[in-house]
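FYI, it's all coordinate maths here, none of it is from the lab. Bear in mind that the values here come from a model prediction, so they are computed numbers and not experimental data. For neighbour counting, all protein chains shown are included, and Cβ atoms are generated from backbone atoms with ideal geometry for every residue, glycine included.
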Protein chains: 4
Amino acid sequence: MAARGEAKGRAGERYEITEASQGKYHYVYGPYATPVLRVDPGAVVSAETHDAMEGQIKSESDKPSEILNFPFLNPQNGPIFVNGAEKGDCLAVYIHDIVPRGPQPIGTTCIMPEFGGLVGTGDTAILNAPLPEIVKKLHVDPATGVRWNERISLPYQPFIGTIGTAPEIEAISSLVPDYYGGNMDLPDVAPGAVIYLPVHAPGALLYLGDCHAAQGDGELCGFAIEHPTVTTVQIDLIKGWNFRWPRLETHDRIMTIGSGRPMEDAARIAYRELVRWMAADYGYDELEAYMLLTQAGHLRVGNMVDPKYTLGASVDKTLLGAA
Amino acid sequence: MAARGEAKGRAGERYEITEASQGKYHYVYGPYATPVLRVDPGAVVSAETHDAMEGQIKSESDKPSEILNFPFLNPQNGPIFVNGAEKGDCLAVYIHDIVPRGPQPIGTTCIMPEFGGLVGTGDTAILNAPLPEIVKKLHVDPATGVRWNERISLPYQPFIGTIGTAPEIEAISSLVPDYYGGNMDLPDVAPGAVIYLPVHAPGALLYLGDCHAAQGDGELCGFAIEHPTVTTVQIDLIKGWNFRWPRLETHDRIMTIGSGRPMEDAARIAYRELVRWMAADYGYDELEAYMLLTQAGHLRVGNMVDPKYTLGASVDKTLLGAA
Amino acid sequence: MAARGEAKGRAGERYEITEASQGKYHYVYGPYATPVLRVDPGAVVSAETHDAMEGQIKSESDKPSEILNFPFLNPQNGPIFVNGAEKGDCLAVYIHDIVPRGPQPIGTTCIMPEFGGLVGTGDTAILNAPLPEIVKKLHVDPATGVRWNERISLPYQPFIGTIGTAPEIEAISSLVPDYYGGNMDLPDVAPGAVIYLPVHAPGALLYLGDCHAAQGDGELCGFAIEHPTVTTVQIDLIKGWNFRWPRLETHDRIMTIGSGRPMEDAARIAYRELVRWMAADYGYDELEAYMLLTQAGHLRVGNMVDPKYTLGASVDKTLLGAA
Amino acid sequence: MAARGEAKGRAGERYEITEASQGKYHYVYGPYATPVLRVDPGAVVSAETHDAMEGQIKSESDKPSEILNFPFLNPQNGPIFVNGAEKGDCLAVYIHDIVPRGPQPIGTTCIMPEFGGLVGTGDTAILNAPLPEIVKKLHVDPATGVRWNERISLPYQPFIGTIGTAPEIEAISSLVPDYYGGNMDLPDVAPGAVIYLPVHAPGALLYLGDCHAAQGDGELCGFAIEHPTVTTVQIDLIKGWNFRWPRLETHDRIMTIGSGRPMEDAARIAYRELVRWMAADYGYDELEAYMLLTQAGHLRVGNMVDPKYTLGASVDKTLLGAA
C-alpha cells in the first residue's frame, strides 16, 4: 500500500485539531462544510474527538431522550481537505492511536427509547412500550481497561466508530454508514489498520469521530463504551484507485465493508466487494474467489442498530498470493 | 384540512417555475440550495418538471448506463420557500393537475443494470450478469393514454413520483424516499390528493419532480412511464401539526407513508403512523385502531426498487368518525 | 381453465365434511395423514371449518396466551385425496361459497403476545414488554356484515385464509405459507376465484381452513375476523401444468402468490412468477412482461405477520391477449 | 453441565450407525420416521454420514442441477430415540470427533443455479441468468488439510453442518435450520463442543449429517467442503431444561443460536436468547446483560444461504461469574 500512496507511506507534517480549533463539530458527511484543515498526503493529524453524545450525558441520572436532539448527534471532527484528492481516487488512512481524554468517568453507555438491536425503533416500528432509560458511566483506562463493575473489566480495545469522506453532493447524517464510510461501528477500524475510503468530492473531505473504548459485535444496545479521545491518523492518497465501498487492511487480512438493510444485503455487498478486490488485485477469477471465500471468508458484524447495518468481510493474506 | 391551514384552503397568488426560471435542477433534498421562489401559504405553483433522466434518454438505441451519471439523477424543481414555515409545522400540498409537455414520444421506461425489483442491484449485490439494457419510448396523451404497443394502451394516471421538504441539515439524494418525502413513487400522490409533509428547515423548502404517466405497484423495473410535465400544486401551511412521516388525504381516505428496508419495516412505519393519526385526531384508542386496521386497513406498495421501499397504509374515512 | 381440467369445469359428485366426519383436524400440511375423502376431479366439497383457534376463545375475558397451544393451532380440514393427481400436476380449486356457522358471536379477533405486525415476535425478538392481551368477539352476518361496534359494521367479505396441498415429504405447520399454499391470508382467495395449487404428493392431499369474515391488507394484529364456516369448493385437476408457487384467477385478473421473508422476497417471488406465467401462456417475452408489469402490475399484501409474509402480484386480463 | 445430565457426563454404551444399518437416510426432521437406534443417556454413537449430496456428485464434470433432486437433499442419519426424553427436556450432545471416510477426493464444493449468497435464488427471485455450474473435488486429510490447489491448503476444521431433534408434529426439510436445530452450518458445532437441543417429541429423535471439512462465515456459495465422515457424539439428557433455540458450550464460551430471515432477525433471536440464558442461569438482570453484550458479545454468521440464515451469539465465560 505504501508503494501506491502519493506519500509512499511516509509520515509528513503533523497537525492537531483541538476542540478549540475544530470549533463547531459536524453532524453530516457532506461537501458543504468549510475544511478545518488542508493537508498534503502524508499528514499526521491528531484530533480531539467528542463522544457520540458530545459529552452531554454527564451522570447516570440523565435521561438520554430528554438531552439528545436529533439530528445533532454523533459530532465529527473535520472535514480535512487533502490536497490533490479527486473523485475516483482513494484516501488511505492509517490509524496510529486512540487515547482517552477528559475527566473520569470517561466512558458512557445507555439504553434509550426507539434505538437498539433488541427493541422496536423508528424503523422497526412497533406499539410495545419502550425499555426504561439507563445510563452507565464507566472508568476507562488504556492500561487497566473498562471497569464494568467491581468484578468485571473489559480490555481497552479502542477503534474509530465513524470515519469517512464526503459524498459528492449529499450531506448525510453522521449516524448513517454507507458507501463513503460513516457510522460503521466496526471494531477493525483500530490502531494498526489502514482504511481505504473512496473519494467523491474535491479534497476528499475526511471526517472522523465517535471512538469506542470497547464494543462487541453488533453494538447491541446502540451505545458502545463511548468516550472522548485524542485520535491520531496518517493520511495518504492513492490516485486512481477507484472502488465503491470502504476497504481495510491489517498486517494479516484484507477486509471490505458493506452497509445496508436488511443485514444480508450488507453481507452481500461486503463479500461481493471482496470477490472483486481479489479478482482485481490478486489474480483470482471471480468464481474461484467466490468458492474460496465460502471456505475461508470471515464476517464481522459491526453494527445491527444504525440506519444501515455494517458488516466486514475479510480473508487472510496468506491465501492471496496463491490464486 | 382547509380549516387548519393558514390560507384556509383558499388559492392565493399564482407562480410559474419554467425550465428557464428554475435554471439548475437539484439532485438532493436539503437546506443548502437557494430557493427558486418565496411564497405565502395559498400559493398556486405550476412547475415545468423534467423526467427522471432529465430528458437525456432520447431514443430506444440509447444505453442508460452510459448516459445516466449518479448522483446527477432525478432532477427536482424548487426549492420553494414558504413564508412562515418552521420546524414542527406541516406543509399541505394540494395536487391540482399534471399535464405532459414536450415533443412525442414523451414517455420513457428502461431496463438498466444494477437497478430494478427483479435483478441484483448495488444493495442486493450478486455476481450474476445483468439483463440487457432496453429503452422504450412511448406516446403519452391525457385523453388516449399511454400507447404501450399497437394493441395495448394504459390509462393516463399521472402522479408526482418525488416530492418533499428539506431535512434540517441533511441533503439526501433525490433517489431516496424518507421521513421528509422524496422519491416515494406512490401513485396516490395524484391530482385530487393533498399530501402533508413535515417541515424541518425554515421555509420548508419544497421540492418536486419525477412525474409518472402510469405506474404499477412497486415500480417493478425501476422506471415507470417517466415524462416531463407541467405540474400544478397549491401550497398551504399548517402551524404546529407535527408528525414524523408524510401523510396523504383524498376525498375518501387518509393514508400514512413509510419508507424503509426491509419492506416490512416500511409497512410497520406506515401502519404505526396510521394508528397514531387515528388516535390523535379521530378519538381512537391505539389498540382499538390496531385491531380495526387488521380488518379494514389497506396497503399500497409504491416502490420496491429505490434505496428505501415505500408503502402507504390507508383507511376509509367512513370508519373514522365512529371510534 | 375449464378446458384444461380433467372435469372440464363441470361439477361432479357432492361431498360433505362435517366436524364429525373430519374427526381430528390437522395442524400440518403434509403427506402423513390419512385422507378424509377420496374424490374424482369435479367433486364439490362442503367442509365445516373451525376458526383458527378451534373455537377455544369463547369470551372476551379469555387469555389467548393461556389457551392457545403451539403447534396445535389453525386446524385444517382434509386432506382430500384427488384421484389421478400426481407430482407435476396442478389442482384447480373453485371457491363456491363461504357461510358462517355456529352461535353468535361467531367472529373473534385478538391481540396476543409475541404475534402481530406492530409488535416484537418470536422472530423479531425484542426485550420490550408485550401489549396487553385483548379478545374481541363479534357478530358476523352475511347480510349485515361484521358488527365492530354500535356505529361501525364492516362488509362480510369472506375468504379462505389457509389452503394448499401436501408437500412431498415435509409436514409443515398450518401457520406457515409456502410454495404449496398454506396460511397465505390473502383476501383474493374468495368466492368466485379459482386457486391453482401445485401437486407434490400422490392425490394432491388438499387441506383448507381458517376462513376470515373480513381482513385488511397484512392482517395487521395477526387475527382477522376468525370464524367457523361451511366452505364449499369444486376441485378439478389439470394434468402436467407444473409451476412453483400458487396461482389464482378471477373473472378479470390473474395473480401469482409468493411467500417469504423479508417482505421484498415475497414480492420478488410473486412478480417473477407472474412474468413467467405471462411468458409461458400469453405470448410475452419475459423482459416485455417485466416492463409492462412495472406500469400495470398490482400487489396485494396478504399477511405481514405469519412465519413467511404473503403477497399476490396480479395483472388485468385485458392486457394479456395483446402481447 | 455434566452435573445436570442424567448420565452425569459419563460415557455409556457405544453404538455404530453404518450406511448398512442406517439403510434409508432421511431428508426431513420430523417425528414420522422409525428410530434407527434407541439409547440411554450417556450413549456414544458413531455414525457414517454422507455428504450433503449423498455422494452423487462424483466428478468435476457433473452438473449439480441435473443430479440433485429436491427435496431429497442433505441426507441425515437417525433418528436416535433417547430413552426418557420428553417435551420440555433438553438433549446435550457432546461432539467427540469427525473423521473423513471414503476414497479421495473426498471433499466437494459447487456452484449451482438458484442457490448461494451472491446469486439470485428461489427466494430472492430475479430474472438475471444464473452463474455457470462448477464442481470442485478436493483431497481432504485431517493431518494436511483441505488441498484447494497446488499452493493453498486450508486447515481441516470439521464440524456438523446439520444436527437437531424432531419437531413435535412438523417434518421439515433437512435444508432448513430452525428452533430444533437442523441445517445451521455453524462452524462452532465442532469436536470439543456440546450442543443443547430442545426436545419436542418423545425420545427427542436426534438426527445429524452434513459434515463440513472447512467453511468460512456464511457458507457463501452454499457448498462448504462437503464430505462423508464417521462422526462420534455422546448423548446426554437434561430433564426439565426448557428453552426455545439451540445452545452451545465450549471450554470458554456459551453460545445461543438463532435462525431466521431477514438476517437481523436471526441476530435478534440469538442475542435475546443469550440475554435470557445469562438472566436465568448466571444471575444477570436482563438489561444489564443487554448492555454488557453490547460491549463484549460475539456474533458468528453460520450461513447466509439456507432457507433461514443462522447466527450464533456468544460470550466469554469469564464474564459470567461476575454478574
Query - Label spacing, shortest first and in nm, from B:Arg101 to its equivalents in the remaining copies (7 angstrom along Cα→Cβ) - result: 5.4, 6.5, 7.8
Query raised in the report: Once the piece of chain linking B:Thr34 and B:Asn149 is laid out straight, how much longer is it, given 0.36 nm per residue of separation minus the C-alpha distance between them?
Result: 37.1 nm
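Which value, in Å to one decimal place, does the Kirkwood hydrodynamic radius take for chain B when every pair of different Cα atoms is included? Mind dumping the intermediate values first?
Numbers: mean 1/r = 0.0504 Å⁻¹.
Every distinct Cα pair counted, the radius reaches 19.8 Å.
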**Report entry** Residue with peak Gaussian network fluctuation, chain B [Cα springs, cutoff 10 Å], from B:Glu168, B:Glu114, B:Glu288
**Finding:** B:Glu288
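What do you get for Rg/Rh over region C:164-215 if you use C-alpha atoms and the Kirkwood form of Rh? Present the calculation step by step, with values, prior to reporting the outcome.
On the way: Rg = 11.4 Å, Rh = 11.8 Å.
Computed over Cα atoms, the ratio is 0.96.
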Query raised in the report: Using the C-alpha atoms of region C:84-239, what convex hull volume per residue, in cubic angstrom, is computed?
Result: 119
Requested in this report: Round to the nearest 10 and give me the degree value, 0 to 90, for the angle of helix D:286-296's Cα axis relative to the longest principal axis of chain D.
Outcome: 50
Query raised in the report: Rounded to a whole number of µm²/s, how large is the Stokes-Einstein D of region D:218-277 at 10 °C and 1.306 mPa s, given Rh as the Kirkwood radius over C-alpha pairs?
Result: 111
Query raised in the report: Using alpha carbon centroids, what distance separates region C:102-133 and region B:1-77, in Å?
Result: 44
Requested in this report: May I ask you to report, in nm to one decimal and beginning with the shortest, the distances from A:Pro71 to the same position in the other copies, taking label points 7 Å along Cα-to-Cβ?
Outcome: 1.1, 4.8, 4.9
Query raised in the report: Mind checking Rg over Rh on region B:1-85, alpha carbons, Kirkwood formula for Rh?
Result: 1.10
Report summary line: Expressed as a percent, the portion of alpha-carbon pairs in region C:113-168 spaced more than 13 Å apart is 73
Query raised in the report: What are the semi-axes of the equivalent ellipsoid of the protein assembly as shown, taken as the square roots of 5 times the eigenvalues of the Cα gyration tensor, listed largest first and rounded to whole Å?
Result: 44, 42, 30
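Only helical DSSP H runs with n ≥ 4 go in: add -39500 (n - 2.57) per run for chain B, normalise by residue count and round the 222 nm mean residue ellipticity to 500 deg cm²/dmol. Could you put the intermediate results ahead of the total?
Numbers: 4 runs with 38 residues, N = 323.
Roughly -3500 deg cm²/dmol at 222 nm, from the helical runs in chain B.
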Query raised in the report: So, how do all the Cα-to-Cα distances of region A:66-143 break down into 5 Å bins, in percent, from 0 on up?
Result: 3, 9, 13, 15, 15, 14, 13, 12, 6, 1, 0
Query - Percent of Cα pairs exceeding the 15 Å cut-off, where the set is region A:18-61 - result: 59
Report summary line: Relative contact order in percent for region D:275-323 (Cα pairs under 8 Å, 6+ apart) equals 32
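Give me the extension gain from C:Thr250 to C:Glu66: residue separation times 0.36 nm, minus the current Cα-Cα distance, reported in nm with one decimal.
Values: separation 184, 0.36 × 184 = 66.24 nm, distance 4.04 nm.
Contour length minus Cα-Cα distance gives 62.2 nm.
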Query raised in the report: How far, in whole Å, is the nearest Cβ of chain A from the axis relating it by rotation to chain C, and which residue carries it?
Result: A:Asn128, 2
Requested in this report: Write down the Kirkwood hydrodynamic radius of region B:189-250, to one decimal in angstroms, obtained as one divided by the mean of 1/r over all alpha carbon pairs.
Outcome: 13.9
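Just need the relative contact order of region A:88-228 here, percent rounded to a whole number, with Cα pairs under 8 Å and 6+ apart.
Values: 304 pairs, mean separation 48.4, N = 141.
It rounds to 34 percent for region A:88-228.
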Requested in this report: Taking a label point 7 Å out from Cα toward Cβ, give me the nm distances from D:Asp141 to the same spot in the other copies, shortest first, one decimal.
Outcome: 5.3, 7.9, 8.4
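Nearest 20 debye, what's the magnitude of the dipole of region A:221-305 about its Cα centre given +1 on Lys and Arg Cβ and -1 on Asp and Glu Cβ? Mind dumping the intermediate values first?
Working: 9 positive and 11 negative charges, 44 e Å.
Using only the charged Cβ atoms, the result is roughly 220 debye.
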Query raised in the report: According to the Cα gyration tensor, what semi-axes, each the square root of 5 times an eigenvalue, does the equivalent ellipsoid of region C:281-323 have, listed from largest to smallest in whole Å?
Result: 26, 10, 9
Query raised in the report: In vacuo Debye scattering of region C:28-162, one point per C-alpha: log10 I(q)/I(0) at q = 0.09 Å⁻¹?
Result: -0.39
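Could you please rank D:Asp62, A:Asp185, placing first whichever residue has the fewest other Cβ atoms within 10 Å of its Cβ? List each step's numbers first, then the result.
Values: D:Asp62 18, A:Asp185 29.
Exposure proxy ranking, most exposed first: D:Asp62, A:Asp185.
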Requested in this report: Calculate the translational D of region B:197-296 in whole µm² s⁻¹ from Stokes-Einstein, where the hydrodynamic radius comes from the Kirkwood formula applied to all Cα pairs, the temperature is 25 °C and the viscosity 0.890 mPa s.
Outcome: 152
Requested in this report: With a 10 Å radius around each residue's Cβ, average the other Cβ atoms per peptide and rank B:269-279, C:272-282, highest first.
Outcome: B:269-279, C:272-282
Report summary line: Here the relative contact order (percent) of chain B, from C-alpha pairs under 8 Å and at least 6 apart, is 23
Query raised in the report: Taking a spot 7 Å from the Cα of C:Lys24 along the direction of its beta carbon, which residues of region C:57-71 have an amide N less than 12 Å from it?
Result: none
Query raised in the report: For D:Glu16 and C:Asp97, what is the calculated FRET efficiency with R₀ set at 56 Å and r taken between the beta-carbons, to the nearest 0.05?
Result: 0.40
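Treat every Asp and Glu Cβ in the protein assembly as shown as -1 and every Lys and Arg Cβ as +1, leave all other atoms uncharged, and give the resulting dipole magnitude about the Cα centre to the nearest 20 debye. Before the final figure, lay out the partial values.
Numbers: 100 positive and 160 negative charges, 0 e Å.
For the protein assembly as shown, the charge dipole is close to 0 debye.
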Query raised in the report: Along the principal axes of its C-alpha atoms, what lengths does region A:247-321 span, in descending order and rounded to whole Å?
Result: 36, 26, 20
Query - FRET E, pair D:Glu86, A:Gln104, Förster distance 45 Å, beta-carbon r, rounded to 0.05 - result: 0.25
